[in-house]
1. So A:Asp146 ticks every box in (1) modelled with pLDDT of 90 or more; (2) within 7 Å of chain B (Cβ to nearest Cβ); (3) under 30 Å from A:Leu46 (Cα atoms) but one. Which box is left unticked?
2. Got at least one residue in region B:166-178 being modelled with pLDDT of 85 or more and within 23 Å of B:Ala260 (Cβ to Cβ)?
3. Can you pull out every residue in region B:27-51 that is over 21 Å from A:Tyr163 (Cβ atoms) and within 14 Å of another protein chain (Cβ to nearest Cβ)?
4. Name the single residue, out of those in region B:101-123 being among the aliphatic types (A, V, I, L, M) and within 13 Å of A:Lys97 (Cβ to Cβ), that is farthest from the other protein chains (Cβ to nearest Cβ).
5. Can you pull out the residues in region B:242-275 that are aromatic (Phe, Trp, Tyr) and at pLDDT below 80?
6. Among the residues of region A:128-170, how many are of a type in the set (Asp, Glu) and touching a strand residue (DSSP E or B) at 6+ places or on another chain (Cβ under 6 Å)?
7. Looking only at region A:62-115, which residues are within 18 Å of the chain's Cα centre (by Cα) and of a type in the set (Ser, Thr, Tyr)?
8. Of the residues A:Arg82, A:Arg35, which is surrounded by 16 or more Cβ atoms within 10 Å (Cβ to Cβ), more than 22 Å from A:Leu164 (Cβ to Cβ) and among the basic types (Lys, Arg)?
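The values are calculated or read from the model by the stated rules, or taken from the named source; none is laboratory data. These figures come from a predicted structure and were not determined experimentally. In this analysis, Cβ positions are derived from the backbone assuming ideal geometry, glycine residues included, and neighbour counts consider all displayed protein chains.
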Amino acid sequence: MSKRKAYYASKLKRATHLLFYKRHKKPGVKGWELRKALGSDYPKVLKLLDDYLKMLDLQVKTVFEEERTVEKPTLEQLDKARFLITLRGEITPKEAKMIGWRVDDLAGLAIAISYIISKRGKAPRKEVEDILRDKLPGWKVGLNVDRYIRYGYLTQDENEQLYLDWRTRAEVDQNALVDLVLSHEKA
Amino acid sequence: MQSKKEHENLGREKLQRIIDTCKSVEDRALDPFLVDIKGNINALKEYFPEWRIPEDLCLDAETVHHLASVTRLQSEWVKHRSTSLYTDPFLLEDKIRRMTKADIVETFAKVWRPTIELEQISLRSITEAIEYWDSLLPMKERWKEFPLGENETGTATREELISQRILRDRSFSEELETFWQQLKKSTAEKGENGKIHYWNFVGADTYNETVQRAFMASFLITYGYATLEIHPLEEEVFIVPYQKPAPNTGSKQLVSIPIAVSAEDWQKWKKGELQ
């Protein structure tokens, strides 16, 4: 193995350890942490890792501090971004159950996220709970919203307004979700 | 003919109404175009020459501030409408209501890429744990300084328990409520701008009582009856009572703030050297 290959092979292993294992309260690693651990060429290491993960149907996901994806990020933006490993392809509802989500809870999450998107990223908790109550038992609605907040899908301010949080930005293709909901036709 | 004073009062009411409307738009995510910015600016212009006292000028500035916020929301609203994320909320709500749970889950599964996160103990943490275990004294050695005496069982009345300070004569919640009223009263009398210096509130004639008050104050803050305001540069700590207990929303990260209430500090406070 050439010196260069060996260099990147060891960096890839280190990046895998850092990204797969949860080290902080939130999963993933900040760009500056990766720079510290892997060196200044960490974006290249992540690119190699992403290519490698393709065959496993996984990907390295970058979540920028700003709400939207940045096309050509600067080093500063990368340093502040959070890097995570997510699934690359689709998951089936059956698989969702296997990773610990009940159909009810997942449906509730989808509804809450779509509704908040339609309300320009901010909606009163009461309105979200009302729409959830349509299909979920009343006692469960508040608990579910709290759970979505705890997991980082939603966040809430002191005026009980709900917003989308970092995990939704990392895991959910918001445009595609709204398009799919709107284009859904009853079979 | 309307007198000058009446005209001023009318102006104040008008400005307050504008502020309230703007606030409700800001807080409840209502359509920001419900606010007539131009009309309200004209009203501001109309009353501005009347204002003489600082309070009225502040009201005017606050109105301008809120109108500016609503203008910003209008700009964001236009931007959002021009993006692909814009959707008519009513249309989306209608769709969601008509979809079955299974349909919703199937749709969501198509756009959801859950994060992979593993939790596993590392070799380093195992080593640290073993080192900790090795240095840990056996239970019998750790507990030997607390010899258990032979106890006789018996009965005690509530009054006896109160006199031995095992029970209080009032429930804790009642006591907390009374303490909160005390805080509000002390703030109104001795504080300023709705807050009071921490030591001026918890400080008492005896050190024991001071510790007791500091203990109760910590519960007032934890349960949302009051909050702390800390000025690190000035090394000042204030307690700010809420008029209504603030609900714990669960989304905020709670932080612990240690405040030392040592006998030396208490003595300093008694001498007026500490606030």
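1. With (1) modelled with pLDDT of 90 or more; (2) within 7 Å of chain B (Cβ to nearest Cβ); (3) under 30 Å from A:Leu46 (Cα atoms) applied to A:Asp146, the lone miss is (3).
2. Within region B:166-178, not a single residue is modelled with pLDDT of 85 or more and within 23 Å of B:Ala260 (Cβ to Cβ).
3. Across region B:27-51, the qualifying residue is only B:Phe33.
4. Step by step, filter region B:101-123, then rank; the result is B:Ala102.
5. Of region B:242-275, the ones aromatic (Phe, Trp, Tyr) are B:242, B:266, B:269.
Once the filter is applied, which keeps residues that are aromatic (Phe, Trp, Tyr) and at pLDDT below 80, region B:242-275 yields nothing.
6. First pass over region A:128-170, keeping only residues of a type in the set (Asp, Glu): A:129-130, A:134, A:146, A:157-158, A:160, A:165.
From the residues that got through so far, the ones that are touching a strand residue (DSSP E or B) at 6+ places or on another chain (Cβ under 6 Å) too are A:165.
Residues meeting the conditions: 1.
7. A:Thr62, A:Thr69, A:Thr86, A:Thr92, A:Ser114, A:Tyr115
8. From the options A:Arg82, A:Arg35, the qualifying one is A:Arg35.
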